[in-house]
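To start, the structure under review is shown below, and the notes come after it.
All of the numbers you see were taken from the coordinates with simple rules; none came from a lab. Owing to the predicted nature of the structure, the values given are computational and were not obtained by experimental measurement. Glycine also receives a Cβ, built like all others from the backbone with ideal geometry; neighbour counts cover every protein chain displayed.
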Amino acid sequence: MSKTNYHMTADEFRKAGREVVDWIADYYEWVESHPVVPSVAPGDIRASLPEHPPQSGEPFASLMTDVDKLIMPGITHWQSPNFFAYFPSNTSFPSILGEMMAAGMGVQGMVWKTSPACTELETHVLDWMVELLGLPDRFLSQGEGGGVIQDTASSAVLCALLAARERATEGQSNQQGIQDRKLVAYTSNQAHSSVQKAARIAGIGDESIRLIGVNADFSMDVDALRDAIQTDRENGLRPFFISATVGTTSSMAMDSLTEIASVLDESIWLHVDAAMAGSATVCPEHRSIHNGLEQADSYCFNPHKWLFTNFDCNCFYVADRSALLGALAILPEYLRTAEHDAGAIDYRDWQIPLGRRFRALKLWFVLRHYGAEGLQAHIRQHLELAAMFEQYVMESDHFELIIPRSLNTVCFAHREGNDWTEAILEQVNRSGKMYVSHTKLNDRYTIRMVVGQRTTEERHVRGAWELLEEAAMRLKEKNDA
Ligand SMILES: *Cc1c(COP(=O)(O)O)cnc(C)c1O
């Protein structure tokens, strides 16, 4: 008799599921002692995989074996306590469990009707976030505004730009496109590349986005912004969008929102990208980075960076949701519901894709597990460790700060210049014992030390510093010889 049911049974799932949970828990014990960056060359992982897909299904045990054998050798361990590169993308057990349950429910939350709790929990948790971060009330869902979970900050800025475009064209850009509209957008030359990408996608184009220069602390030079806007207006162009950054990717520089707000008028939309730094404002003592935010039309930050919530989870807020809906809502008959007509939130109208995952569940789990005080305590620990590291740099004979520390990011370099700094970065990363990445600030090759992994403790930060000092010492001996 031929087999007719190939599905995993519930009992098999129970058993395999427990093994997977154990595997994940073991991973966090094991990861600390493993090289943060794998030593594989492009093509190595593929070459180890079978050429053809399996004809017959395989037992789950062989999948688990192959994850360990074929996949783990090619994993960069973002969750290692010794990962200090790029930005953290931290997670936590409550978040992982929320993610599992969301996968288990397998709901699509595109409209209220397709899963009411998916929509309502999201609205509720995003309102909680306003309170937790001390964000302006205009972002609360009870008023004209509201929040939504996007996959990434990149999607958030694209949605903001589309809403701004539609508002600037009095609701005509969707109908007529934006040919000859002469729209111009502004951001600093330190802003994340996603702003430029959004401008391309929205048909604004690289030529119509001004990358404004920065001050010595890498914050946007608002006088230059004011001049650029004036010049563009004099040339018959239409400034319509500014994206300010609270915590730039290179150096965690903070644009001054109050200064930027002073050049705004009704015709310009202000978006604020606080992808990483936003999480710090769970601590009241860091809220000043948001001064002026009450003038912004939209705002976003990523709990998937520094708030113990696994990727993907971006909280995006608008002060006037009708602008966003005006840009993105299209109602085909097959998605019409009585609840929509009665005013229920259909989040598909707040984002680019139709389908949407139940992301609010993991965020809710994180907030309930840690509470405000738990989140504050861990953010403060990271900031103390970053301050400790900054102190090491200041007292070092080899290294110097390129700029003063901003939150959890320390930008430093070897005193002897770029070649030395680069050689040291490569050496410590090759050791496998830590991972840092670099940027260029005023042509200085700069190492960025970013503290934000859930499991990072003082000994890891101290260990990283010792490796850096050793590498510097060895390089000096080599050059002296
Ligand atoms: C990380 C980062 C982004 C991009 O984040 P995604 O969520 O991956 O799109 C954008 N802006 C800033 C300031 C960032 O730090």
Q | Sequence ranges 313-321, 41-49, ranked by mean other-Cβ count within 10 angstrom, highest first | A | 313-321, 41-49
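Could you list Phe93, Phe240 in order of exposure, starting from the residue whose Cβ has the fewest other Cβ atoms within 10 Å? Display every interim value, and only then the final one.
Details: Phe93 16, Phe240 22.
Going from sparsest to densest Cβ surroundings: Phe93, Phe240.
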Q.
Rounded to whole Å, give me the distance from the Cα center of the stretch 167-222 to that of the stretch 303-359.
A. 23
(Q) Considering only C-alpha atoms, what is the centroid distance from the stretch 66-117 to the stretch 404-481, in Å? (A) 29
Q | Kirkwood hydrodynamic radius (C-alpha pairs) into Stokes-Einstein, the chain, 20 °C and 1.002 mPa s, D in µm²/s | A | 88
Q) Given the pairs Lys440/Lys478; Lys197/Lys305; Lys113/Lys362; Lys15/Lys433, which span a C-alpha to C-alpha distance of over 23 angstrom in this model? A) Lys440/Lys478; Lys15/Lys433
Q: Determine the calculated [θ] at 222 nm for the chain from helices alone, applying -39500 (n - 2.57) to every DSSP H run no shorter than 4 residues and normalising by the residue count; nearest 500 deg cm²/dmol.
A: -13000 deg cm²/dmol
(Q) How are the alpha carbon pair distances in the stretch 107-357 distributed across 5 Å bins from zero to the largest one, expressed in percent? (A) 1, 6, 14, 19, 20, 16, 12, 7, 3, 1, 0, 0
(Q) Let's test the formula: R0 of 56 Å, r as the Cβ-Cβ distance of Leu401 and Lys113. What FRET efficiency results, to the nearest 0.05? (A) 0.55
Q) Antiparallel as a % of all DSSP beta bridges within the stretch 107-357, to the nearest 5? A) 40
(Q) Relative to 2.2 N^0.38 Å, what does the C-alpha radius of gyration of the stretch 80-127 come to as a ratio? Two decimals please. (A) 1.54
(Q) Need one number: nm distance between label points at Glu285 and Asp137, each 7 Å from Cα along Cα→Cβ, rounded to one decimal. (A) 2.9
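Suppose R0 equals 35 Å. What FRET efficiency, 1/(1 + (r/R0)^6) with r the Cβ-Cβ distance, do Thr4 and Ala47 give to the nearest 0.05? Mind showing how you got there, number by number?
Values: r = 37 Å, r/R0 = 1.05.
The calculated FRET efficiency here is 0.45.
Taking the number of other C-beta atoms within 10 Å as the exposure measure, put Lys182, Lys362 in order starting with the fewest.
Neighbour counts put them in this order, fewest first: Lys182, Lys362.
Efficiency by 1/(1 + (r/R0)^6): what FRET value for Gln427 and Lys15, r their Cβ-Cβ distance, R0 = 45 Å, to the nearest 0.05?
On the way: r = 45 Å, r/R0 = 1.01.
About 0.50, to the nearest 0.05.
Express in nm, to one decimal, how much length is gained between Ser437 and Glu458 on full extension, taking 0.36 nm for each residue of separation and deducting their alpha carbon distance.
On the way: separation 21, 0.36 × 21 = 7.56 nm, distance 1.98 nm.
Gain on stretching Ser437 to Glu458: 5.6 nm.
What percent antiparallel are the DSSP beta bridges of the chain, to the nearest 5?
Working: 24 of 42 bridges.
If we restrict to bridges inside the chain, about 55 percent are antiparallel.
Mind ranking 203-213, 264-274 by how tightly packed they are, going by the mean number of other C-beta atoms within 10 angstrom, highest first? Please list the in-between numbers first.
Details: 203-213: 16.7, 264-274: 20.5.
Those peptides, ordered most packed to least, come out 264-274, 203-213.
Given a cut-off of under 8 Å on Cα pairs at least six residues apart, what relative contact order in percent is computed for the stretch 374-480? If you can, show how the numbers build up before the last one.
On the way: 132 pairs, mean separation 28.9, N = 107.
Computed value for the stretch 374-480: 27 percent relative contact order.
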Q: With a length cut of 24 Å (Cα positions projected on each helix's long axis) and a Kyte-Doolittle mean of at least 0.0, go through the chain and give me the DSSP H helices that pass.
A: 116-133, 360-394
Q: Starting from one equal scatterer on each C-alpha and no solvent at all, send me the Debye-based log10 I(q)/I(0) for the stretch 330-402 at q = 0.15, 0.27 Å⁻¹, two decimals.
A: -0.75, -1.17
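Most exposed first by the Cβ proxy, i.e. fewest other Cβ within 10 Å, how do Asp297, Asp68, Asp223, Asp151 rank?
Going from least to most buried by this count: Asp68, Asp223, Asp151, Asp297.
How large is the dipole of the chain about the Cα centre if only Lys and Arg carry +1 and Asp and Glu carry -1, each at its Cβ, rounded to the nearest 20 debye?
Numbers: 42 positive and 64 negative charges, 173 e Å.
So the magnitude is around 820 debye.
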Q: State whether the stretch 18-121 is rounded, prolate or oblate according to the following rule on the C-alpha gyration tensor (a ≥ b ≥ c being the square roots of its eigenvalues): a/c under 1.5 gives rounded; otherwise a/b larger than b/c gives prolate, and the remaining case gives oblate.
A: oblate
Q | Highest average packing first - 285-296, 27-38, Cβ atoms within 10 Å | A | 285-296, 27-38
Q) Simple spin-label model, 7 Å along Cα-to-Cβ: Thr258 to Ala342 in nm? A) 4.6
**Q.** Rel. contact order, % - alpha carbon contacts under 8 angstrom, at least six apart, the chain
**A.** 21
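When the expected Rg is taken as 2.2 N^0.38 Å, what fraction or multiple of it is the alpha-carbon Rg of the stretch 177-283?
Values: Rg = 13.6 Å, N = 107, 2.2 N^0.38 = 13.0 Å.
Working it through for the stretch 177-283, the quotient is 1.05.
With an 8 Å Cα cut-off and a minimum separation of 6 or more residues, compute the relative contact order for the stretch 204-359 in percent. Each step should come with its number before you reach the end.
Values: 193 pairs, mean separation 22.4, N = 156.
Here the relative contact order equals 14 percent.
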